Amino acid sequence: MRRQTSVLPILAALAATAALSGCAVGPDKRDPMENWNRAVFNFNDKVDTYALKPVATGYKNVTPSFVQTGVNNFFGNLQDLWTGGNNLLQGKGGDAVSDIGRFALNSTFGVLGLFDIASEAGLRKHKEDFGQTLGRWGVQPGPYVVLPLLGPSTLRDTAGLPLDIVADPWSYKDPTHVRTIGGVVRVIDQRASLLDASTLLEEAALDRYEFYRDGFLQRRQSQVYDGDVPETKAEENVPAQPSVNPTGEGTAQPAT
């Protein structure tokens, strides 16, 4: 079974929490561009429904699992190099050495990264990008934003995205048609790995936009702090929840 299936219990718990807590009322200070973001979200959703998801489903059903694993490992190995760079920029030298060691080991003995022997050797895989590095050094996430085709982000992460693209070794692959084909396969493989999770979200979420937004913001905050989010920071990322005042009217209050 592939690694991504481990997110299903987490998503199920989040869905249950969302259902019990109800829908937030009033504007969300984290999402001042909600009208625009919802429009882009709906556009992305249609592209996914009518194009990407069907192709990813066919890919998953037809492609042998060992090939899918190899594709996932190959591009994940390229990502390890930039992850190491970001860990170094964040002052996490031990993790940076581990990431670069993973890249070296998998690129050689793992046949260009097709086999993840570094994990078997005890080198834990990390995932860091420049948005996380900016957050680590105190840059606030800023407003939530949904990017066309690219999906959920924040102003901080969007600012860091160009450097993530430039730092991707695959962006320099020649000839161009090989780079393009590889990029398409990469996207399809990533989408295929999330098919089960996206199906769960579609069935569980009352408001899919809010569910994706809240889940993304909480996950990004956790990534910036490596899972150890300060209590004050965690409270900043809690969406408002409806409460009833003595007159019976709903007012937005911080969730407790």
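If you scan the range 102-125, which residues turn out to be among the β-branched types (Val, Ile, Thr) and either under 16 Å from Asn72 (Cβ atoms) or in contact (Cβ under 8 Å) with a residue 24 or more places away in the chain (or both)?
Restricting attention to the range 102-125, the residues satisfying the condition of being among the β-branched types (Val, Ile, Thr) are 108, 111, 117.
Across the range 102-125, the qualifying residues are Val111, Ile117.
Among the residues of the range 49-106, how many are part of a helix (DSSP H, G or I), of a type in the set (Lys, Arg) and within 25 Å of Leu161 (Cβ to Cβ)? Explain how you work it out, then say what you get.
Just the residues of the range 49-106 that are part of a helix (DSSP H, G or I), to begin with: 49-62, 65-89, 93-106.
Within this subset, residues satisfying the condition of being of a type in the set (Lys, Arg) are 53, 60, 102.
Applying the additional criterion that residues be within 25 Å of Leu161 (Cβ to Cβ) yields 53, 102.
So the count comes out to 2.
Outside any loop (DSSP other than H, G, I, E, B), at pLDDT 95 or above and closer than 27 Å to Val145 by Cβ - does that describe any residue in the range 23-34? So that I can check it myself, show each step before the final result.
Restricting attention to the range 23-34, the residues satisfying the condition of being outside any loop (DSSP other than H, G, I, E, B) are 34.
Retained after the next criterion (residues that are at pLDDT 95 or above): 34.
If we keep only those that are closer than 27 Å to Val145 by Cβ as well, we get 34.
Yes, that holds for at least one residue.
Could you please give the count of residues in the range 127-153 that are over 15 Å from the mean Cα position of the chain (by Cα) and on the phi > 0 side of the Ramachandran plot?
Of the residues in that region, 2 qualify.
Of the conditions (1) crowded, with 18+ Cβ neighbours inside 10 Å; (2) touching a Lys or Arg at 6+ places or on another chain (Cβ under 8 Å); (3) at positive phi, Gly113 satisfies every one except a single condition; which number is it?
With respect to (1) crowded, with 18+ Cβ neighbours inside 10 Å; (2) touching a Lys or Arg at 6+ places or on another chain (Cβ under 8 Å); (3) at positive phi, Gly113 is out only on (2).
For the range 151-175, what are the residues that are in a loop (DSSP other than H, G, I, E, B) and either touching a Lys or Arg at 6+ places or on another chain (Cβ under 9 Å) or loosely packed, with under 12 Cβ neighbours inside 10 Å (or both)?
Of the residues in the range 151-175, the ones in a loop (DSSP other than H, G, I, E, B) are 167-168, 173-175.
Once the filter is applied, which keeps residues that are in a loop (DSSP other than H, G, I, E, B) and either touching a Lys or Arg at 6+ places or on another chain (Cβ under 9 Å) or loosely packed, with under 12 Cβ neighbours inside 10 Å (or both), the range 151-175 yields Lys173, Asp174, Pro175.
Just one of (1) over 30 Å from Thr57 (Cβ atoms); (2) over 22 Å from the mean Cα position of the chain (by Cα); (3) of a type in the set (S, T, N, Q) trips up Gln90, so point out which.
(2)
Given (1) within 16 Å of Ile188 (Cα to Cα); (2) in contact with a strand residue (DSSP E or B) (Cβ under 7 Å, 6 or more places away or on another chain); (3) surrounded by fewer than 17 Cβ atoms within 10 Å (Cβ to Cβ), identify the lone condition not met by Met33.
It fails just one condition, (1).
List the pairs whose first member sits in the range 210-230 and is in a helix (DSSP H, G or I), whose second member is hydroxyl-bearing (Ser, Thr, Tyr), and whose Cβ atoms are under 7 Å apart, counting only residues at least 6 apart or on separate chains?
Cβ pairs passing all conditions: Arg213/Tyr144; Leu217/Tyr144; Arg220/Thr154.
Contact list please: Cβ distance under 8 Å, first residue in the range 180-194 and part of a helix (DSSP H, G or I), second residue of a type in the set (D, E, K, R), pairs at least six apart or on different chains.
Gly182/Lys173; Arg191/Asp48; Arg191/Lys53; Ala192/Lys60
The values are calculated or read from the model by the stated rules, or taken from the named source; none is laboratory data. Everything quoted here is computed from the prediction, not taken from an experiment. Cβ sites come from the backbone with ideal geometry, for glycine too, and all protein chains shown count toward neighbours.
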